[in-house]
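Reviewing the structure listed below.
Nothing in this text is a laboratory measurement; each read-out follows from the coordinates by a stated rule. Here the structure is a predicted model, which is why all the values come from computation and not from measurement. Methodologically, a virtual Cβ is constructed for each residue, glycine included, from the backbone with ideal geometry; neighbour enumeration extends over all protein chains shown.
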Number of protein chains: 2
Amino acid sequence: MRALIWHVDEFSYWPVGRESDAAEEISEGPREFRDSIVAMVSAEVGDGPAEVEEMASEIADVAHQVGCSSVVVYPYAHLSSRLAPPQAARDSLEALEKALASRGLNVHRAPFGWTKGFQVRVKGHPLAEQLKVVEPGTGKARRRGG
Amino acid sequence: MRALIWHVDEFSYWPVGRESDAAEEISEGPREFRDSIVAMVSAEVGDGPAEVEEMASEIADVAHQVGCSSVVVYPYAHLSSRLAPPQAARDSLEALEKALASRGLNVHRAPFGWTKGFQVRVKGHPLAEQLKVVEPGTGKARRRGG
Ligand SMILES: [Mg+2]
Ligand SMILES: [Mg+2]
């Protein structure tokens, strides 16, 4: 599991079309966020509960570092060549949402399986952008990955 | 060399502080762009002229696919764990700028070695976001990498 994590002033997105059989129904609710952590997440082959929990801890650490309790989990297929199959990826992202909520964070998860546009304003401080890599099968984060 | 390539409605950035001895002087000029390709680029250990040329071809292909001749090259250390040393990375990014310009594209390169904030509005179409990976030492792009 890989996540590009941003501390943002603003983030918004708009679904434009289904791109997967595993696309979920789009729910009502906010699609614009301010002063949030945004985790752009690629679920990979071999990710399981241990990898999800480790990534939740990594994201929660960033949230605490920067003093921000609002987190957006955004499915993002563009960080890995070893993407999990769609239904498994969707399951991992839902589990990540729950794992973050159980850590007291206010979590919004963007819908899986949709082509979406997005707009973001990433803050300009040294911790505002971080890549986190949890190797599938290890449940352990690398400090800096790629 | 890795690049996360976006087709954007708008992109802007603002330098906030030096973060590297290889930081370059900030030049005058535009820092706001419309209807452009933005390449967020990590230069890696082992990248040389062949990798730079291959990445330029990949980026130029995307530009042609989406019918856009304006390209922003943005140094981005958050896509790889095998980052090139700062001066080598800066050299690769400058070479990438030249290689893109030689393909007839209108190129802006954001300054290397600065902590920057950025704002982007990524279009919502299936080709608007692509990861390109050119393995150091091969000069060959993987179709989908990570
Ligand atoms: Mg997409
Ligand atoms: Mg940075």
(request) Please identify which residues in region A:106-134 have an amide N closer than 18 Å to a label point set 7 Å out from the Cα of residue A:57, following the Cα→Cβ vector. (result) A:131-134
(message) Please list 3J(HN,Hα) in residue order for region B:48-64, calculated via the Karplus relation 6.51 cos²θ - 1.76 cosθ + 1.60 where θ = phi - 60°; whole Hz, with x for glycine and proline.
(response) x, x, 5, 5, 5, 4, 5, 5, 4, 5, 5, 5, 4, 4, 4, 4, 5
(message) Viscosity 0.692 mPa s, temperature 37 °C: what is the translational diffusion coefficient of the protein assembly as shown from Stokes-Einstein with a Kirkwood Rh over Cα pairs, rounded to a whole number of µm²/s?
(response) 171
(message) Let me spell out the model: positive unit charges on the Cβ of Lys and Arg, negative unit charges on the Cβ of Asp and Glu, origin at the Cα centre of chain B. What dipole size does that give, in debye rounded to 20?
(response) 420
(request) Sum -39500 (n - 2.57) across every DSSP H segment of at least 4 residues in chain A, then divide by the residue count to get the 222 nm mean residue ellipticity, nearest 500. (result) -8000 deg cm²/dmol
(message) In whole Hz and in residue order, list the ³J(HN,Hα) couplings for region A:3-9 that follow from phi through the Karplus curve 6.51 cos²θ - 1.76 cosθ + 1.60, θ = phi - 60°; x for Gly and Pro.
(response) 9, 8, 10, 10, 9, 10, 6
(request) Count the net charge of all other residues whose Cβ sits under 14 Å from the Cβ of residue B:37, scoring Lys and Arg as +1 and Asp and Glu as -1. (result) -1
(request) Quick one: which residues, 5+ away or cross-chain, put their amide H under 5 Å from the amide H of residue A:137? H built at 1.01 Å from N. (result) A:48
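Percentage of Cα-Cα pair distances in region A:79-146 greater than 19 Å, rounded to whole percent?
53
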(request) Kindly provide the pair-distance distribution of chain B built from C-alpha pairs, with 10 Å bins from 0 and whole-percent values in order of increasing distance. (result) 12, 46, 36, 6
(message) Give me the net charge for the shell around residue A:24: Cβ to Cβ below 14 angstrom, other residues only, Lys and Arg +1, Asp and Glu -1.
(response) -3
(request) Could you list the GluC sites (Glu not before Pro) in region A:24-88 that lie in coil according to DSSP, counting only those with at most 10 other Cβ atoms within 10 Å of their Cβ? (result) A:25, A:28
(request) Please return the longest stretch of chain B lacking exposed loop sites, where trypsin sites (Lys or Arg not before Pro) count only if DSSP places them in a loop and at most 14 other Cβ atoms lie within 10 Å. (result) B:1-139
